[in-house]
Amino acid sequence: MRTTRLRILSLILALGLFVLAGCSAGPTSTTAGTTTAKPAAAIKIGGIGPLTGGAAVYGSSVANGAKIAIEEVNALGGLQFELKFEDDEHDAEKSVNAYNSLKDWGMQILCGTVTTTPGIAVTAESFKDRIFTLTPSASSTSVIEGKDNVFQMCFTDPNQGIASAQYIAENKLGSKIAIIYNNADAYSTGIYEKFISEAAGKNLDVVSTTTFTDDTANDFNVQLTAAKNGGADLIFLPIYYQPASLILTQADAMGYEPKFFGVDGMDGILTMENFNTELAEGVMLLTPFAADATDARTVAFVAKYQAAYNELPNQFAADGYDCIYAIYEACKKAGVTSDMDAAAICDKLIEAFTAADFSIDGLTGENMTWAATGEVAKAPKGMVIEDGVYVGMQSGN
Amino acid sequence: MKMTKPGQKRLISNAITYAIVIVAYVLIQILDGSGNLTSSLRGQLVPICAYIVMAVSLNLTVGVLGELSLGHAGFMSLGAFSGVIVSLGLRDTVSAGPLRLLAALLVGAVIAGLFGFIVGVPALRLRGDYLAIVTLAFGEIIKNVINTLYVGIGPDGLRISMSDQASLGLGESGTVIMRGPMGAVGVDKLASFGAGVILVLITLAIVLNLVHSRSGRAIMAVRDNRIAAESVGISITRYKLTAFIISAALAGAAGALYALNYSTVVARKFDFNTSILVLVFVVLGGIGNIRGSIIAAAVLTVLPELLRAFNDYRMLAYAVILILVMLTSNNDRLKQLRWRIRSYFQHSSRRQEAEHE
């Protein structure tokens, strides 16, 4: 009796260790904790995001993009920056730990966090400590609510939902719409709620709404059948690209060919391993960044990114890149120097970011401006996947 | 050195356990006062306390009762969310932070204890490892249910919905506390290190007194030989339930303490991995060894932060250290060595055989 119990226990523990160790099996091309060493007079920027675990792709992309921007800025010879990026495993507790260890390092400006839930916990701390915070991709409104020193580089979730509904209605992309969303995910639920309320006003006919959770994200036949039975000709997917890839595969297997419309979480589907990218042909998504855009800024960034990391940058990398440039421009404008303390820099940067004449042209948008709430104003770009690359969608087709 | 009586020895052993906690508290306070405490460590003090309470409470189930609970994070989750609701619900009526924290801890403990009862009644009447299976399911169910819960406070009291935020119908005067998968947002940070240490001391007092009481001996008798215990008239289910409910209630209090240390808490945090993490604390600290649980929980919580210098290999290093600790603490030669050192100091050859485990 006792030995069997011990045996079961040790088995479970072995499993547990495997799970714990498995957390480190994420992408290894990350740059955790590495500092881009610079002479003493550099302004210390801290970054926080998941470099290990399930959300590692977002954190590593932001870290990589930010690193490229830091190198470029430092090469200009003016203000010097030093970046230290810490892992938070997409967990609020670990994120606050990372934040505190960056504080010990002497962080003056925070570029983070990458994901929402850790973001809410960390910005509460950075608000209290008066450290200026610019998050590349934590998109919930709770991240900026009531915190005057927290700004966002990405759209808020509600804005994405509203923009998607408007885009679909204005361009008449579908008459009957089905929605599949993750009701255990803050990002997905946030977009869904605004989409559905906006859709009602736009006379969009939503014929089926089905949900899944992270634990049930491996079979979508039920949801797809519901959409098919409802006669949906467009499926709105406010979800991340991993479950979306499965939905595309299973819809294909069913012989069901509606249009698919995603949001910025869909970005990354073309670089996913073991996914037949032919299935993504014709998928539409709203994303502020496309790696195949032909403007000089994007081309230069993509070339540098590919040379350094041997993969195409996604939207998160662009967000990280833009964050550093936004901080750089604001620092230049406000006359921030490396010998100021974090609180003084914070006040100066808030003033610079909310100034009426402050706007940034970046990879993720032209003329980006910020409201005092911390929300960014920029135009979303509609993209459609053709021949394995993003192509800008023409309005009104 | 003269021989000590078993009672005295127990007293000394307990005193050492309490002393470790108090000395650690005083040391931290001194470090903090002299400005030598890093932000990194300061930020981890409350979670360490919460994990210590979790480890000690799970040790009561695993070590003393001899049953396996694989969903202890579920009880933590219940305590966390009920504690958050209570603390925000009392925001307007009770202004003193510590009082609201106390109320949150108590309600968290009661709710988790209640669910411990519900889970324990059917599972603990059975023989075998059914509790492990049931608690495993319980943890997952709690996680998924809380993920769909929307809770708000309006002028007329608490409102709960399972569909979406709009259906709460709060209007402008109400505040939303839990937003389904977004979890609880806008939590007041009421928890402090002092409160955490007090909770740890209360937990120790409850568990150590229980273990050394008549009930505790009955619980251990059930663990060691169920049939013999039954034959001398011990009510198996009652004592099993007592231990399990206390364990669940303490986990609930730990959850409330943990949740009130961050401005947000999500149900996903309290998943199977967290349950296993606490079980790892218990096993590495020594099953049935309360003091070991305290040390293991503290060390293993701080360790990943100390390993940040390893960058990419951080979690790998963590896993390797866990395996090494597991190997060395179960190594017969090392055990013998320790035993020899101990007997050298005690000059006592009359001690009975070395303790197992």
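The values are calculated or read from the model by the stated rules, or taken from the named source; none is laboratory data. Everything quoted here is computed from the prediction, not taken from an experiment. Heads up, the Cβs are rebuilt from the backbone with ideal geometry, glycines too, and the neighbour counts pull from every protein chain shown. Heavy atoms of the whole protein, side chains included, go into the accessibility calculation; ligands, DNA and RNA do not. Shrake-Rupley method; radii C 1.70, N 1.55, O 1.52, S 1.80 Å.
Quick notes
- Filtering B:ALA251, B:ALA228 for residues that are in contact with a Ser or Thr (Cβ under 6 Å, 6 or more places away or on another chain) and assigned to a helix (DSSP H, G or I) leaves a single hit, B:ALA251.
- Candidates B:LEU316, B:LEU303, B:LEU322, B:LEU307: the one that is within 10 Å of chain A (Cβ to nearest Cβ), open to solvent by less than 30 Å² (accessible area, probe 1.4 Å), out of contact with any strand residue (DSSP E or B) (no Cβ under 9 Å at 6 or more places or on another chain) and in a helix (DSSP H, G or I) is B:LEU322.
- Test result for B:TYR344, modelled with pLDDT of 95 or more, of a type in the set (Ser, Thr, Tyr) and assigned to a helix (DSSP H, G or I): no
- Restricted to the range A:123-208, the set of strands (runs of 3 or more DSSP E) holding at least 2 residues that are β-branched (Val, Ile, Thr) comprises A:132-135, A:176-182.
- Scan of the range A:99-115 for residues that are outside any strand (DSSP E or B) and more than 8 Å from chain B (Cβ to nearest Cβ), ordered by number: A:LEU102, A:TRP105, A:GLY106, A:MET107, A:GLN108, A:THR113, A:VAL114, A:THR115
- Listed by first and then second residue, the pairs linking a residue in the range B:140-157 that is under 16 Å from B:VAL185 (Cβ atoms) to a residue that is among the acidic types (Asp, Glu), with Cβ atoms under 8 Å apart and 6 or more places separating them unless they lie on different chains, are B:TYR150/B:ASP164.
- Inter-residue pairs, beta-carbon under 8 Å, first of a type in the set (A, V, I, L, M, F, W, C) and in the range A:208-227, second surrounded by fewer than 15 Cβ atoms within 10 Å (Cβ to Cβ), 6+ apart: A:LEU224/A:MET254; A:LEU224/A:TYR256; A:ALA227/A:TYR256
- Looking only at the range B:18-42, and only at residues there that are open to solvent by less than 50 Å² (accessible area, probe 1.4 Å) and touching a Leu at 6+ places or on another chain (Cβ under 7 Å), the one that is farthest from B:GLY194 (Cα to Cα): B:LEU37
- For the range B:68-100, residues that are open to solvent by less than 10 Å² (accessible area, probe 1.4 Å), aliphatic (A, V, I, L, M) and within 13 Å of B:ALA253 (Cβ to Cβ) total 2.
- Of all residues in the range A:256-272, exactly one satisfies the criterion of being modelled with pLDDT under 80 and acidic (Asp, Glu), namely A:ASP267.
- Of the residues making up the range A:64-93, those that are open to solvent by less than 10 Å² (accessible area, probe 1.4 Å), in a strand (DSSP E or B) and closer than 19 Å to A:VAL336 by Cα number 2.
- The range B:283-299 - residue that is assigned to a helix (DSSP H, G or I) and within 10 Å of chain A (Cβ to nearest Cβ) and, of those, surrounded by the most Cβ atoms within 10 Å (Cβ to Cβ): B:VAL283
- Pairs where the first residue, in the range A:109-120, is free of Cβ contacts under 8 Å to residues at least 12 places away in the same chain and the second is hydroxyl-bearing (Ser, Thr, Tyr), C-beta under 9 Å, 6+ apart: none
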